[in-house]
Amino acid sequence: MRSAAAHSLRFVAVLCLFSAVPAGVFADTIYLKSGRKISATHVTQENGQVSYETPAGRFSFPASIVDRVTHDDSSSISTAGTSLDRAANLPIAPPSALATPSSDALASPAVRDGSINMDLLSKLESEASANPTPTAAARVVAAESAAAHFEISVGDFEQALAHYDVGLRFDPENEQLLLEDAYLHLKRSEYTAALNLLDRARPSDPDSAEIAKLSGWAYYGLNRTSDAVTQWKRAMELKPDEETRHALEKAERDAQVEIEYHEGETIHFRLKYNGGAAPELAEEVLKTLETEFNEISATLNYDPPEPIGVILYTNQTFMDITRAPSWSGALYDGRIRVPVEGLTSMTDELARVLKHELTHSFVSQKTGGRCPVWLQEGIAQYMEGKRSRINAESLTAAYENHMEFSPLSYETSWLNLPKDAASNAYAWSLAIVEMIVTVNGMDDLERILERLSAGSSTEDALRAVLHEDYSELMLSTVQFLRKAYL
Ligand SMILES: [Zn+2]
């Protein structure tokens, strides 16, 4: 049958879906006069304000500190949400003060002309250390919080967390700081850290809907589904809203099924499986995952901060619970979800599926949810061991016939793709990643992921590391395929 299908894409076995609305799909870049650069979407300019969207929310700056905005006009990108957002990317809004942080940051002397006044921050800090009055502490808190807000609005969560740390040293129970700090940790899949901060905030404000809502998110991320349900129910009692209602529904769907599930645990995984599945299989799955964890961790130079949730399903329950398209064979949406009906022991195919989904989990956490879907799928396929030999001829032919693949249009969710389009996208994604690893090396791939994690747009990250934009990347990929396989 080999020759008959030689010109069509043949992707054997299952397509493993990475389900997410990647937070980092940016079509525009805002350049501040201070030199800071912000990757954003939906940039608008009105009444002397430049407003834009980032993973952390919608922000605005006075136009006077903005140098210029560049638009990528191929922004036929849909960022519409789906019911399958991964845990780190639950569509939950930030605590209220974060809703409009940049304006208050700019009103503070701690942020001037689009950059942070570090001299002022250290001056306030040494004053408060030398003479620890509530007023001195309040000044530090206000300045650090403005600095954190500024960093969030330009997409640098790492720096923002450092500012919260300083603020909390001077006012350890400050609820607003604790909530905002927790929110950033949630965005970075650091659920235990988030939960600790929320637990510190709760005693002084036990009836806060915001604390309950964020706690539900942390528990959900930690795979403590019934605790998540409890917190989100409480949040709905205190102050109902749409996003909590959606999150609660999703968690309740999970909880309903998981109630009859058995559990298994290793250092890096929490596994749940249906009573019908063989316990030996569950054990083998955990063993395989632990081995694969070490391999991926060494290759991508990253250790996820929390145990990863894995759920084994019968095929029908998988479809019912995940509401995934019929072409998907497994799924990562914050948990690894794999249908295993009929299997009693580990197979090569299952081991590959597990490695594929586990890679999604690593990449997603390493980039804080900012990796575009085509790159996610390329890396996951590469790590599970797939190579482009089988597709080299049809991909290069398609390129020559100008039926070129445009990675930009495949940065966001693939959930609504028909099967053929999905197969094509998987094949190109693999080819691109295979080219990057072979020609440039795994280190470059890692550098790209690091740039994405720091808030860079995908094309900026490619330009910085590989010195290629999307169209040059496609050309390099085709050249690589010809050289390697044809
Ligand atoms: Zn996948």
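The values are calculated or read from the model by the stated rules, or taken from the named source; none is laboratory data. Here the structure is a predicted model, which means the values were calculated and not measured. All Cβ positions, glycine included, derive from the backbone under ideal geometry; neighbour counts span all protein chains shown. Protein only, heavy atoms only, side chains kept; ligands, DNA and RNA dropped before computing areas. Shrake-Rupley method; radii C 1.70, N 1.55, O 1.52, S 1.80 Å.
Considering the stretch 200-238, and only residues there that are surrounded by fewer than 18 Cβ atoms within 10 Å (Cβ to Cβ) and among the aliphatic types (A, V, I, L, M), the residue that is nearest to Asp333 (Cα to Cα) turns out to be Ala209. Screening Pro418, Pro372 for residues that are open to solvent by 10 Å² or more (accessible area, probe 1.4 Å), more than 18 Å from Thr288 (Cβ to Cβ), more than 12 Å from the ligand (Cβ to nearest atom) and not charged (D, E, K, R) leaves exactly one candidate, Pro418.
Of the residues making up the stretch 375-390, those that are surrounded by fewer than 21 Cβ atoms within 10 Å (Cβ to Cβ) and more than 14 Å from the ligand (Cβ to nearest atom) are Arg387, Arg389, Ile390.
Comparison of Glu411, Glu450, Glu404 shows that the only residue that is more than 19 Å from His356 (Cβ to Cβ) and within 16 Å of the ligand (Cβ to nearest atom) is Glu411.
Residues in the stretch 450-486 that are among the basic types (Lys, Arg) and without any contact (Cβ under 8 Å) to a residue 24 or more places away in the chain: Arg451, Arg463, Lys483.
If the condition is being under 16 Å from Glu400 (Cα atoms) and open to solvent by 80 Å² or more (accessible area, probe 1.4 Å), then the stretch 463-474 contributes only Glu472. All conditions but one from (1) within 16 Å of the ligand (Cβ to nearest atom); (2) over 18 Å from Tyr470 (Cβ atoms) apply to Tyr426; the one that does not is (2).
Evaluation of Phe318 against the conditions (1) closer than 22 Å to Ala247 by Cβ; (2) at pLDDT 90 or above shows that the sole unmet condition is (2).
Each row is one residue, and each column tells you yes or no for (1) assigned to a strand (DSSP E or B); (2) open to solvent by 20 Å² or more (accessible area, probe 1.4 Å); (3) at pLDDT 75 or above; (4) hydrophobic (A, V, I, L, M, F, W, C).
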{"site": "Ala13", "(1), (2), (3), (4)": "no, yes, no, yes"}
{"site": "Cys16", "(1), (2), (3), (4)": "yes, no, no, yes"}
{"site": "Pro22", "(1), (2), (3), (4)": "no, no, no, no"}
{"site": "Tyr31", "(1), (2), (3), (4)": "yes, yes, yes, no"}
{"site": "His42", "(1), (2), (3), (4)": "yes, yes, yes, no"}
{"site": "Gln45", "(1), (2), (3), (4)": "yes, yes, yes, no"}
{"site": "Tyr52", "(1), (2), (3), (4)": "yes, no, yes, no"}
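Only residues that are outside any helix (DSSP H, G or I) and either hydrophobic (A, V, I, L, M, F, W, C) or within 15 Å of the ligand (Cβ to nearest atom) (or both): list them for the stretch 332-366, please. Scanning the stretch 332-366 gives Tyr332, Asp333, Gly334, Arg335, Ile336, Arg337, Val338, Pro339, Val340, Leu343, Met346.
Which fully enclosed helices (runs of 4 or more DSSP H) of the stretch 179-291 have 2 or more residues being closer than 18 Å to Leu312 by Cα and touching a Ser or Thr at 6+ places or on another chain (Cβ under 8 Å)? Once the helices (runs of 4 or more DSSP H) in the stretch 179-291 are filtered for at least 2 residues that are closer than 18 Å to Leu312 by Cα and touching a Ser or Thr at 6+ places or on another chain (Cβ under 8 Å), what remains is 242-258.
For the residues Leu161, Leu195, Leu178, Leu184, the requirement of being under 20 Å from Pro304 (Cβ atoms) and surrounded by 24 or more Cβ atoms within 10 Å (Cβ to Cβ) singles out Leu184.
The residues of the stretch 410-449 that are under 18 Å from Ser297 (Cα atoms) and either among the β-branched types (Val, Ile, Thr) or touching a residue at least 40 places away in the same chain (Cβ under 8 Å) (or both), listed by number, are Val433, Val437, Met442, Leu445, Glu446, Ile448, Leu449.
Looking at (1) β-branched (Val, Ile, Thr); (2) within 16 Å of the ligand (Cβ to nearest atom); (3) under 16 Å from Gln381 (Cα atoms), which one does Val437 not meet, given that it meets all the others? Result: Val437 fails condition (2) only. Scanning the stretch 429-462 for residues that are part of a loop (DSSP other than H, G, I, E, B) and surrounded by fewer than 23 Cβ atoms within 10 Å (Cβ to Cβ) yields a count of 2.
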